[in-house]
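Participant: Mind having a look at this structure? Questions to follow.
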Amino acid sequence: MAPRMVRLAVAASLAIAAVALAAASTAPAQERPVVRTRCGAYDAVPSGAGSSGHPTRLSIQRDGRLLETVSDWWITRVDCVDLENDHTPELFVSSYSGGAHCCETLREWTLAPKAPRKVLEYDAGNAGGFELRDLDGNDRLELLLGDDSFAYFDDLSYACSPRRLPLVACSGPADWSDCTRQFPEVLLAALAASVEQLASLRKEDPQGPCVKGSALGVLAVSVLLDQEETGLETIRRSGEGGELTKWLERARPKVRDWARNRARKLKTGKN
């Protein structure tokens with residue numbers, strides 16, 4: 001399949017996945033039990049059990065020797081993958097801290113022959129969950145994440161915030177970079193979902209508090225698409241809202257700053 005066709009097919013599936021992820025409950029869904037996992041020459045070994053029955057600790061071992069440890073309220077997911085088909089596996093571990101609207105952390109190690117090297121520590125907040133997909137058909141996997149940077153923005157409640165914006169990360173020789181703008185299909189799928197939500201909220205309650213949050217989501221994704229003015233015009237066409245327009249004008253500098261700097265969320269891990 002040609003790369004363009006691959007990207008279009010992925011975009012369609014991402015639109016469906018975005019709706020499902022946005023509707024997820026606060027607590028992370030566990031797709032499968034976390035069990036002892038062999039990853040190259042290493043073992044990921046879960047232990048402990050909280051009140052939920054989930055493991056609370058995960059150790060990375062080699063030949064029985066403890067090398068790394070993750071402890072949290074839940075260990076939610078463990079994946080062993082070869083991101084770049086270079087026969088060096090990567091280990092992804094997500095954990096959940098518990099509590100309302102918080103917090104999931106994703107960590108990744110490259111399991112090199114000499115020792116594991118932590119490459120990523122991503123604080124997902126309540127935008128937990130991740131996917132690994134080859135979005136451009138080049139046999140290298142991209143990392144699809146959620147970004148909740150605008151949770152509780154300004155005077156928004158959590159329920160009304162645009163709390164899961166798309167973030168695509170690409171792996172490099174030493175760390176991850178924000179490459180979301182390289183995949184406009186991902187952003188267009190998110191924008192379509194946000195515009196649909198805004199229209200629905202306008203019909204239900206034109207002056208409702210969640211209208212602002214939905215409009216902010218449209219603006220944020222439009223900025224990532226380099227279509228800021230088009231996004232604002234889309235919001236204006238959705239209905240009357242002089243106060244909303246003024247509020248968005250005040251928010252615009254912060255949205256632009258977020259778009260420029262959110263790669264900082266992709267922390268390089270340090271052992």
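The values are calculated or read from the model by the stated rules, or taken from the named source; none is laboratory data. This structure is a prediction, so every number in the text was calculated from the model and none was measured. Cβ coordinates were reconstructed from backbone atoms using ideal geometry, including for glycine residues, and neighbour counts include every protein chain displayed. To get the accessible areas, we keep the full protein, side chains included, count just its heavy atoms, and leave off ligands, DNA and RNA. Shrake-Rupley method; radii C 1.70, N 1.55, O 1.52, S 1.80 Å.
Participant: With the cut-off at 20 Å, tell me which of the pairs LYS212/LYS267; LYS212/LYS254; LYS212/LYS265 have Cα atoms farther apart than that.
Facilitator: Working: LYS212/LYS267 30 Å; LYS212/LYS254 15 Å; LYS212/LYS265 25 Å.
Over 20 Å Cα-Cα: LYS212/LYS267; LYS212/LYS265.
Participant: At a Cα cut-off below 14 Å, give the aspartates and glutamates reachable from LYS118, other chains included and same-chain residues fewer than 8 away excluded.
Facilitator: Cross-link targets: GLU68, GLU90, GLU108, ASP175.
Participant: Of the residues GLY98, GLY213, GLY146, which exhibits the maximal mean-square fluctuation in a Gaussian network model of the chain defined by a 10 Å Cα contact cut-off?
Facilitator: GLY98
Participant: For the stretch 196-271, rounded, prolate or oblate, judged on the Cα gyration tensor with a ≥ b ≥ c (square roots of eigenvalues), a/c < 1.5 rounded, else prolate if a/b > b/c? Before the final figure, lay out the partial values.
Facilitator: Details: a/c = 2.57, a/b = 2.08, b/c = 1.24.
It comes out prolate by the Cα gyration axes.
Participant: Still on this model: Within the chain, what whole-number % of the accessible surface is contributed by carbon and sulfur, with the 1.4 Å probe and all protein chains included in the calculation?
Facilitator: On the way: 7020 of 13230 Å².
With neighbouring chains kept in place, the figure for the chain is 53 percent.
Participant: Rounded to the nearest angstrom and ordered from largest down, what semi-axes does the equivalent ellipsoid of the stretch 125-271 get from its C-alpha gyration tensor (root of 5λ)?
Facilitator: Details: eigenvalues 167, 49, 37 Å².
Taking √(5λ) for each eigenvalue gives 29, 16, 14 Å, largest first.
Participant: Pick out, from VAL255, THR268, GLY208, the residue whose Cα sits farthest towards the positive end of the charge dipole of the stretch 205-271, with +1 on the Cβ of Lys and Arg and -1 on the Cβ of Asp and Glu.
Facilitator: THR268
Participant: Follow-up question, since we're still on this one. Please get the size of the charge dipole for the stretch 66-177, origin at its Cα centre, with Cβ charges of +1 on Lys and Arg and -1 on Asp and Glu, quoted in debye to the nearest 20. If you can, show how the numbers build up before the last one.
Facilitator: Working: 9 positive and 21 negative charges, 57 e Å.
I would put it at about 280 debye.
Participant: Based on C-alpha coordinates, I'd like the Rg and Dmax of the chain, in Å.
Facilitator: Expressed in Å, the Cα Rg and Dmax of the chain come to 19.8, 66.
Participant: Turning to a different aspect of this structure: Quick one: net charge around GLU249, please, counting Lys, Arg +1 and Asp, Glu -1 for every other residue with C-beta under 13 Å from its C-beta.
Facilitator: Details: positive: LYS212, ARG236, LYS246, ARG250, ARG252, LYS254, ARG256; negative: ASP154, GLU228, GLU229, GLU243.
Result for the local shell: +3.
Participant: What FRET efficiency do you get for ASP86 and GLU204 if R0 is 45 Å and r is their Cβ-Cβ distance, rounded to the nearest 0.05?
Facilitator: On the way: r = 51 Å, r/R0 = 1.13.
With a Förster radius of 45 Å, E is 0.30.
Participant: While we're looking at this one, here's another question. With every protein chain left in place, what is the accessible area per residue of the chain in square angstrom, probe 1.4 Å? Working shown, then result.
Facilitator: Numbers: 13230 Å² over 271 residues.
Result: 49 Å² of accessible area for each residue.
Participant: When the chain is modelled as a GNM with alpha-carbon springs shorter than 10 Å, which of VAL186, VAL218, VAL195 fluctuates the most?
Facilitator: VAL195
Participant: Just to confirm the filter: which GluC sites (Glu not before Pro) across the stretch 26-107 are DSSP coil and have at most 16 other Cβ within 10 angstrom of their Cβ? Don't jump to the answer; show the numbers that get you there.
Facilitator: Working: sites: GLU31, GLU68, GLU84, GLU90, GLU104; in loops: GLU31, GLU84.
Sites meeting the loop and neighbour criteria: GLU31, GLU84.
Participant: Relative to the first principal axis of the alpha-carbon coordinates of the chain, what is the inclination of helix 242-261, with its axis defined by its Cα atoms, in degrees from 0 to 90 and to the nearest 10?
Facilitator: That works out to roughly 30 degrees.
Participant: Hey, another quick one. Need one number: convex hull volume per residue for the stretch 102-151, Cα atoms only, in Å³.
Facilitator: Details: hull volume 4.0 nm³, N = 50.
So the per-residue hull volume is 81 Å³.
Participant: Take the alpha carbon gyration tensor of the stretch 52-186, find the square roots of its eigenvalues, order them as a ≥ b ≥ c, and report rounded if a/c is under 1.5; if not, report prolate when a/b exceeds b/c, else oblate.
Facilitator: On the way: a/c = 2.59, a/b = 1.22, b/c = 2.13.
Oblate shape, in that a/c is at least 1.5 and b/c is the bigger or equal ratio.
Participant: For a quick protection proxy, order the peptides 117-123, 152-158 by their average other-Cβ count within 10 Å, most packed first. Show your work: numbers first, answer last.
Facilitator: On the way: 117-123: 18.4, 152-158: 14.1.
Most protected by this proxy first, the peptides run 117-123, 152-158.
Participant: Rounded to the nearest 20 debye, what is the charge dipole size of the chain about its Cα centre when +1 sits on each Lys and Arg Cβ and -1 on each Asp and Glu Cβ?
Facilitator: Numbers: 34 positive and 37 negative charges, 88 e Å.
Value, rounded to 20: 420 debye.
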